[in-house]
Amino acid sequence: MFKWFKRQLDTIKSPTLDWVQVEVTTLCNGACIYCPHTLMGKRWTNKQMPIDLFYKLIPFLKYTDMVYLQGWGEPLLNNNIFEMIRICKDRGRRTGFTTNGMLLTEETIRKLVDLELDIIGISLAGTTAPTHNHIRKGTDFNKLVSNLELLCKIKAERKTPVPAVHLAYLILKSNFHELKEILPLAKRVGAKQIVASNLTLIIDSKLTTEAIFNDTRRMDYYSIALEEIKDKAASENIIFDYHGPGLDNASGCCRENVRHACVINVEGEVVPCVLTDPVLCKTREPGNGNPPCYIFKGHSFPIKGISFGNIQNETLTHIWNKKEYSGFREPFKPELTKSPEQILSEMPQCCVKCYKRLGA
Ligand code: SF4
Ligand code: SF4
């Protein structure tokens with residue numbers, strides 16, 4: 001009776017989420033020059049989400065429209081990725097993930113098509129092999145494109161529009177000039193949606209100048225070029241969305257939809273966004289107690305992991321409704337009439353000092 005009552009209460013107070021992001025692995029076969037996975041080296045914790053932990057998610061899938069199987073890692077390296085997709089699809093959830101594309105063999109592509117995966121995001125950092133391969137080390141542009149062409153061919157054979165291909169282009173100062181070639185590439189691989197985003201978690205100070213929002217003298221050049229690509233994309237029925245290019249210092253928003261989405265990390269921790277994923281602060285090196293740091297506006301700050309609970313021993317509803325979690329979301333309410341100064345004073349420091357809050 002008590003259990004029944006608890007279940008009812010859980011349903012009544014359940015969150016309504018746009019998506020839940022699930023970090024299925026922190027393993028990666030890539031070594032992108034800007035990624036914490038690469039830059040933290042030996043400190044990085046390589047983990048797989050076990051399927052038993054994923055099963056714990058099943059009761060909560062009804063609270064969300066979409067499940068995105070993505071965190072800091074390459075999702076196709078989880079041995080149970082197909083089973084995880086099947087679980088979500090069997091429950092009618094839209095399902096997707098982003099990949100570096102290196103493991104998209106014919107067998108894998110056929111399985112993903114059979115499972116009717118909805119979205120496959122493809123990470124890019126250039127539209128030519130030298131640029132992309134230099135930034136996204138351990139991946140190969142030409143192989144990526146030929147894998148995507150195979151995906152297109154198999155979708156055409158099966159007469160299916162899914163998985164829809166979305167291109168995720170990381171804008172850096174050194175690859176911006178290649179972004180204009182993204183539209184021919186999108187057409188070649190059948191992508192109907194492109195998102196161009198910024199480097200927001202800067203761990204290595206040498207990369208500070210790669211973030212285009214720091215290149216303030218050329219803001220007009222970036223803005224005009226991005227708008228031109230957007231217009232051209234629209235005329236070709238392709239959605240082109242971009243972040244930035246400049247910063248809005250008064251902004252109290254966050255790109256991460258923290259009020260209607262959450263991240264469940266590889267260990268089951270419920271986290272507001274990937275930038276606060278506790279996995280970033282773990283260390284495998286005994287005795288290394290210094291937290292990893294990131295750079296914000298020329299200063300270095302320790303990365304703070306935030307977890308509001310773990311689905312191994314609490315329900316998502318209970319975690320979502322905790323006072324601390326509601327309090328965390330509160331300053332991100334757009335309808336607030338408070339002044340920007342007041343909003344900032346109520347935000348955790350990790351959000352105050354975060355480029356995503358500034359629209360990047
Ligand atoms: S492929 Fe993704 S997770 Fe892997 S190193 Fe590159 S950015 Fe990081
Ligand atoms: S402002 Fe930054 S740290 Fe805070 S929730 Fe948004 S992305 Fe995460």
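Assorted remarks:
- Ellipticity at 222 nm from helices only: DSSP H runs of n ≥ 4 in the chain, each -39500 (n - 2.57), divided by the residue count, give -8500 deg cm²/dmol.
- Its Kirkwood hydrodynamic radius, worked out from the mean inverse distance over all distinct Cα pairs, puts the stretch 5-95 at 14.5 Å.
- Simple spin-label estimate for residue 42 and residue 260 in nanometres, 7 Å along Cα-Cβ: 4.6
- With each label modelled as a point 7 angstrom along the Cα→C-beta vector, the residue 250-residue 129 pair spans 5.0 nm.
- Normalised by the number of residues in the chain, the mean separation of alpha-carbon contacts (under 8 Å, six or more apart) gives a relative contact order of 18 percent.
- Exposure proxy ranking, count of Cβ atoms within 10 Å, fewest first, for 242, 169, 63: 63, 242, 169
- Cα-Cα over 29 Å, subset of 173/353; 56/230; 159/356; 89/232; 111/173; 42/230: 56/230; 159/356; 89/232; 111/173; 42/230
- In range of the label at residue 293: residues from the stretch 31-48 whose backbone nitrogen is under 16 Å from the point 7 Å along Cα→Cβ: 40
- Per-peptide average of other Cβ atoms within 10 Å, ordering 259-271, 295-307 highest first: 259-271, 295-307
- Remark: the residue 228-residue 150 segment gains 25.1 nm on full extension, using 0.36 nm per residue and subtracting the alpha carbon distance.
- Ordered by the number of other Cβ atoms lying within 10 Å of each residue's own Cβ, fewest first, 19, 72 fall into the sequence 19, 72.
- Placing a label point 7 Å from the Cα of residue 164 along the Cα-to-Cβ line, the residues of the stretch 194-227 whose backbone N sits under 20 Å from it are 194-197.
- Proximity of backbone amide H atoms, modeled 1.01 Å from N, is registered between residue 192 and 165 at under 5 Å, excluding neighbours fewer than 5 places apart on the same chain.
- Partnerless cysteines, meaning none of the other Cys C-beta atoms lie under 4.7 Å away, in the chain: 28, 88, 152, 253, 254, 262, 273, 281, 293, 350, 351, 354
- Partners of residue 297 within straight-line reach, counting aspartates and glutamates whose Cα lies under 19 Å from its Cα and excluding those fewer than 8 residues away in the same chain: 204, 210, 215, 248, 341.
- Antiparallel bridge percentage (DSSP; both residues within the chain; nearest 5): 20
None of the figures in this text is laboratory data; all of them are computed from the coordinates on show. Every value quoted in this text rests on a predicted model; they were computed, and no experiment measured them. Note that each Cβ is placed from the backbone with ideal geometry, even for glycine, and that neighbours are counted across all protein chains shown.
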